[in-house]
1. Taking segment 88-101 only, how many residues are of a type outside the set (Asp, Glu) and surrounded by 18 or more Cβ atoms within 10 Å (Cβ to Cβ)?
2. Which numbered condition in (1) surrounded by fewer than 16 Cβ atoms within 10 Å (Cβ to Cβ); (2) more than 22 Å from Val128 (Cα to Cα) is the only one that Leu220 fails?
3. Taking segment 289-305 only, how many residues are within 16 Å of ligand 1 (Cβ to nearest atom), surrounded by 15 or more Cβ atoms within 10 Å (Cβ to Cβ) and modelled with pLDDT under 85?
4. Please determine, by comparing only the residues of segment 248-287 that are near ligand 1 (Cβ under 7 Å from one of its atoms) and not in a loop (DSSP other than H, G, I, E, B), which one is farthest from Ser170 (Cα to Cα).
5. Name, by its number, the condition in (1) touching a strand residue (DSSP E or B) at 6+ places or on another chain (Cβ under 8 Å); (2) surrounded by fewer than 17 Cβ atoms within 10 Å (Cβ to Cβ); (3) outside any helix (DSSP H, G or I) that does not hold for Gly228.
6. Only residues that are within 8 Å of ligand 2 (Cβ to nearest atom) and either surrounded by 15 or more Cβ atoms within 10 Å (Cβ to Cβ) or among the small types (Gly, Ala, Ser) (or both): list them for segment 272-282, please.
7. Which of the residues that make up segment 194-217 are surrounded by fewer than 23 Cβ atoms within 10 Å (Cβ to Cβ), among the polar types (S, T, N, Q) and touching a residue at least 60 places away in the same chain (Cβ under 8 Å)?
8. Is it the case that segment 211-220 has a residue that's in the same structural domain as His309 (by TED's automatic domain parsing), in a strand (DSSP E or B) and either of a type outside the set (Gly, Ala, Ser) or under 22 Å from the mean Cα position of the chain (by Cα) (or both)?
Amino acid sequence: MAKKKKKKNKKVRAEFRKKHETRVRKHDLTRQYQQNAEDEELENMSSGERVTGRSQLRRHRTVVGSEAESEDSAFQVQLAVNTDVCRRGRVLSVRGLNSDVKDESGKIYTCAIRGVLKSLATDLQNVVVAGDDVMFEPIGDQDQGVIASVEPRRNFISRTSRSRQHVIVSNVDQILIMASAAEPGLKPNLVDRFLVSAEKSKIQPIICINKIDLVPPSDLQPVAGVWGQLGYQVVFVSATKNIGIAHLQQLLRGKDSVVCGQSGVGKSSLLNAIEPGLNLRVGRVSSDNQKGRHTTTSAQLIGLSMGGHIIDTPGIRQFQLWDIVPEEVDGFFRDIRPYVGLCKFPDCTHIHEDHCAVKDAVADNQIDVRRYESYFQIRES
Ligand SMILES: Nc1nc2c(ncn2[C@@H]2O[C@H](COP(=O)(O)OP(=O)(O)O)[C@@H](O)[C@H]2O)c(=O)[nH]1
Ligand SMILES: [Mg+2]
Ligand SMILES: [Zn+2]
């Protein structure tokens, strides 16, 4: 886990309609949020259009291909490729200008990026990211190639830094939110933060609580039950006592899953239990957390022998929110969302306003108080 920064203690100022004591525990969360810089509108390129030097491109360039749609307007372009020589592949990782690309037979190529894509990359970034489906042209007989085009992304996880959107990984099936029942103790608020991020990315989350050997499961029922009622899948496992591992394997089989969760909860142990060949180091902070800027945000797809990939993303593990602006937090709480439209003020924060349907729902036990506290903390951070 990242170094603990001095935390600001925030008091809940919300006054509920009924007498309702809400005490906010001092949450032991790191305060390492990326600034929520406004999403930069990146250019969308359209089919066969001439790209003008409007903002970033230095020269006029003709791009032939079909438009890649992406509602978050992350830049994407699909180029026409020579299908006789190109083959389909999946980007496992990106290291600088080279990418590891796996073809349909499982063979891995080290690929450069085609000239035009590369020059777009320097101006707009993230032309190729881990998870991308690409067309690439094998070159020579040294398992090398050149990426010619990138298929439209089904979804992606990004973070914004210095008002640029950085796509970290694309085409993800699910997010495995890992926590532990003890050592370190369960931090429901941290799980809620990852849930908010999953909702924003529209990627299915699975909540996985490890070290269930240390705590009677019934102790976790109150909090896990609320997640379950909201439709989130919650699984209890123990990596070291082999509890729930088969079930988890079933959930991961054939899927591409991003793994996130704070250090020490047992991510490495669990992945080793799922795929013994991985041999991940246990009990120490992985060294890539401390390396330079590039490695802290790069993602890697790790193939599972049962099919699918585990996506290891140091950059995501370390911060809890991906590009959420305060005004949209309520929409990412499944339990709060239905009440938002019923508040008196359209821009209600559900914290200090009167005639707030959300606070009324908390007072009436329609919304779990602990979840509301999470909302409050995320909104205030
Ligand atoms: N009691 C118990 N300890 C576990 C379990 N899983 C992992 N650990 C221990 O928790 C510590 C951190 O595990 P690690 O896999 O390195 O966590 P990571 O930082 O999330 O990758 C190690 O000492 C593991 O042996 C479990 O299910 N039960
Ligand atoms: Mg680890
Ligand atoms: Zn409100």
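The values are calculated or read from the model by the stated rules, or taken from the named source; none is laboratory data. All values derive from a computational prediction rather than experimental measurement. Because the Cβ atoms are built from the backbone with ideal geometry, glycine has one as well, and the counts that use them run over all protein chains shown.
1. Applying the first criterion (of a type outside the set (Asp, Glu)) to segment 88-101 yields 88-99, 101.
Filter once more, so that each one left must be surrounded by 18 or more Cβ atoms within 10 Å (Cβ to Cβ): 89-94, 99, 101.
Count: 8.
2. Status for Leu220: all satisfied but (1).
3. Of the residues in that region, 2 qualify.
4. Step by step, filter segment 248-287, then rank; the result is Ser269.
5. Here Gly228 meets the rest and fails (3).
6. Of everything in segment 272-282, just one residue is within 8 Å of ligand 2 (Cβ to nearest atom) and either surrounded by 15 or more Cβ atoms within 10 Å (Cβ to Cβ) or among the small types (Gly, Ala, Ser) (or both), namely Leu280.
7. Of everything in segment 194-217, just one residue is surrounded by fewer than 23 Cβ atoms within 10 Å (Cβ to Cβ), among the polar types (S, T, N, Q) and touching a residue at least 60 places away in the same chain (Cβ under 8 Å), namely Ser201.
8. Step one: filter segment 211-220 for residues in the same structural domain as His309 (by TED's automatic domain parsing), giving 211-220.
Going one step further and asking which of them are in a strand (DSSP E or B), we end up with none.
Within segment 211-220 (the criterion being in the same structural domain as His309 (by TED's automatic domain parsing), in a strand (DSSP E or B) and either of a type outside the set (Gly, Ala, Ser) or under 22 Å from the mean Cα position of the chain (by Cα) (or both)), the answer is no, since none of the residues qualifies.
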